[in-house]
Structure formats: structure tokens, C-alpha cells
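The values are calculated or read from the model by the stated rules, or taken from the named source; none is laboratory data. The structure displayed is predicted, hence computed values, not measured ones. Glycine gets a Cβ as well: all are built from the backbone with ideal geometry, and neighbour counts include every protein chain shown.
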Amino acid sequence: MNRSDESATAPLGLGFILACAMLFIGGQALGEQPVLANEKLLDVVAKANRGNRNELRAMLHAFKRPGAVQVSKDALPELVRVLKEDDAELQLLAAHGLYALKSPQTKDALVQFLGKKDFRKLEKRAHAGEISERSYESQLRASSLAVMTLGEIGDKSVIPLLQSLRGFKDLKFEWGGGPVEQALAKLGSEGLNTLYSIGPDADDEKINKAS
């Protein structure tokens, strides 16, 4: 069980509330967005790895509102590195940051991240209680954001990868809708052809034939 699992069921306490307050002091309170720059990211990750997850969860909470957090370009290399962490909540933070930046430089890292995910195995582990609900949901949300980022980047070479993910129904975009379908639609006519040829309820065999 990783560090994100250990406190998965802990109630939101005073530390989390204070972290949320500190995140927005000088930010939204003054009509400005809170900023996730490299220095801030390093600090949040370091604290999370020491067991203090209040600022991490405050930042994840802020990201739930579209456009609420401004992500600095200087954080890009560290976001890519954090995406490779085993910690599900840190992966989710990185995925939020990369979605905000939508940089073509991150395509390979996102493809590698999704390629390593075995969603059916992950689902079985969650149902068996081997990983916490928080960890499971964080991994699904991070993966959904990664899919949407690939759609925004617009490189059609990722279409086969996205095809392979259509059979897993638990992937959902942060603000509603199916991320794979949205990403394929953003990739233009080739992506749309994939949607039409496979259909929304395709099984694994049909998806594999189309890939």
C-alpha cells in the first residue's frame, strides 16, 4: 500500500482547510489565480513524500474547478517526472498540470504513462480492497486527463492507443463526458472514423480488430 492509501479514508481536517486557505491567500482573494510554478510543485511533492498531504489535496481540490489554477511553464519538466511517481495522488497532480499546459513535448510521457496502465487489473485490485478507493479514483482521473491532453495536443499517432482504451467505461473526464471519445473527436476525421467504426459499446475483440 503506498503513502496515498495510508490516509485515504482520513477526514478532511484543519490542516487541509488551512492549506486551502493558504493556497488562495493572495490568489483568488485578490482576483488572481493561484499559480503552480516549479518551486511550488517541488514543495508540494516534497511535503507529500514526507507524509504531509494537506497542500497536495488542497491543490487537487482547486483543480476541480476549470481554470482555477494557473500552471507555469517552468514546472513542465518536474510535472513529467512526477507523472512517473508510484503515488496516485501525485500522478493526478501532474496530470492536471500537463492538461493545463497542453505541451506537445509531453506526448511521449503521456503515451508511456497510459501504456503502463492495466485498467482491468486495477479494477480487480480495487474491488478486492488491495488499493484504496482514493488511489483507484486518482489513477482513473489522472488517466482520463492524460487522454484528454493527448487529444488537445493533436498528434494523430496516438489514435491506436486511444482505440485500445475505449472498452474501459470507468474513464471519465473531470468535468463530465467520456475522455477517449472527446479526445478522438478532437483528432479530426481519423479519430471520428474510429468512433463510428467501433461504436460506444464495443467489446475488446472489436476494439482490437480496429486498432
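Among the candidates V71, V111, V45, the residue that is hydrophobic (A, V, I, L, M, F, W, C) and within 22 Å of K169 (Cα to Cα) is uniquely V111. Against the test of being free of Cβ contacts under 8 Å to residues at least 40 places away in the same chain, charged (D, E, K, R) and farther than 18 Å from A62 by Cα, the options R125, R120, R166 yield a single qualifying residue, R125.
Within the range 133-145, at least one residue is surrounded by fewer than 20 Cβ atoms within 10 Å (Cβ to Cβ), touching a residue at least 40 places away in the same chain (Cβ under 8 Å) and not polar (S, T, N, Q). Residues in the range 98-115 that are loosely packed, with under 14 Cβ neighbours inside 10 Å and farther than 27 Å from A68 by Cβ: D108, Q112, G115. If D118 meets every condition in (1) surrounded by fewer than 15 Cβ atoms within 10 Å (Cβ to Cβ); (2) modelled with pLDDT of 95 or more; (3) not β-branched (V, I, T) apart from one, which number is that one? Every listed condition holds for D118 apart from (2). Of the helices (runs of 4 or more DSSP H) lying entirely inside the range 1-90, the ones with 3 or more residues being at pLDDT 90 or above and surrounded by 14 or more Cβ atoms within 10 Å (Cβ to Cβ) are found at 38-49, 54-63, 76-83. The listed residues are K117, K107, and the only one of them that is under 23 Å from D155 (Cα atoms) and not in a helix (DSSP H, G or I) turns out to be K117.
Once the range 163-193 is narrowed to residues that are closer than 19 Å to Y136 by Cβ and charged (D, E, K, R), the residue that is modelled with the lowest pLDDT is E174. When the range 153-167 is filtered for residues that are outside any helix (DSSP H, G or I) and out of contact with any helix residue (DSSP H, G or I) (no Cβ under 6 Å at 6 or more places or on another chain), only G154 remains.
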